[in-house]
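Comments concern the structure below.
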Amino acid sequence: MDEAGRGPVIGPLVVAMVCGRAGEIRSTGARDSKKLSPDLRNRVSERIMKGFNWWVKVIDAEALNRLMEKATINEIEMEVVTELASAAPYTVYMDSFDTVESRPGELISRATGKRVISLHKADERIPAVSAASIVAKVTRDRIIREIAEKYGDFGSGYPSDPRTIRFLKESMREGRDISKIVRMKWKTLERVSGKDLYDF
């Protein structure tokens, strides 16, 4: 299991799980999604999705806004990965989102009765996690393109992207409702709203 979209202020969190033998998954060209070009990532994703069992869970910004009234992003992701792990027939390897590497795996193991191993940089170390990272990334990229078609160019959606900050400032200045695509609880939005909206 792996995810895409923990850090952005715009768009969904996507968690994916891919099941298969390491050697067979490796033969698709699967590796850490960040090390593949978008075109190659799409091609590898097609091979993975045709050749292996996979699951994807999308939590859009609107749902995250609702869930974050009572939970942190870690708690939300924990609930999603626990749900996916329950469906896994084998040992589950996952990219650890906790500072304590083994903690998510141990908690999910207790909750599901499955053997769950959480590792930092698992997407670089375990082929099935690499495959999951690719499926999650490709799924999220497709959704981001769909959002951009409706709302206009907002860049990557990450707080470090000037185009994203520009989009947020302009949207707030114009009074646009962006709550369906923007994580309203994110500190990025608080910082932007506290600055001069014309200062970009």
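The values are calculated or read from the model by the stated rules, or taken from the named source; none is laboratory data. Because the structure is predicted, anything quoted here is derived from the model rather than measured. Cβ atoms come from the backbone with ideal geometry, glycine included; neighbour counts cover every protein chain shown.
The listed residues are Arg115, Arg110, Arg140, Arg176, and the only one of them that is within 21 Å of Glu62 (Cα to Cα) and at pLDDT 95 or above turns out to be Arg140.
Conditions tested, residue by residue: (1) small (Gly, Ala, Ser); (2) at pLDDT 95 or above.
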{"position": "Arg6", "(1), (2)": "no, no"}
{"position": "Met49", "(1), (2)": "no, yes"}
{"position": "Val58", "(1), (2)": "no, yes"}
{"position": "Ser86", "(1), (2)": "yes, no"}
{"position": "Val92", "(1), (2)": "no, yes"}
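When Asn65, Asn42 are screened for being polar (S, T, N, Q), part of a helix (DSSP H, G or I) and touching a helix residue (DSSP H, G or I) at 6+ places or on another chain (Cβ under 9 Å), only Asn42 passes.
Would you confirm whether or not segment 47-60 contains a residue that is of a type in the set (Asp, Glu), in contact with a Pro (Cβ under 7 Å, 6 or more places away or on another chain), surrounded by 14 or more Cβ atoms within 10 Å (Cβ to Cβ) and farther than 22 Å from Ile147 by Cβ? There is no residue in segment 47-60 that is of a type in the set (Asp, Glu), in contact with a Pro (Cβ under 7 Å, 6 or more places away or on another chain), surrounded by 14 or more Cβ atoms within 10 Å (Cβ to Cβ) and farther than 22 Å from Ile147 by Cβ. Within the set Ala111, Ala128, Ala136, the sole residue that is buried (at least 21 other Cβ atoms within 10 Å of the Cβ), in contact (Cβ under 8 Å) with a residue 24 or more places away in the chain and touching a helix residue (DSSP H, G or I) at 6+ places or on another chain (Cβ under 6 Å) turns out to be Ala128.
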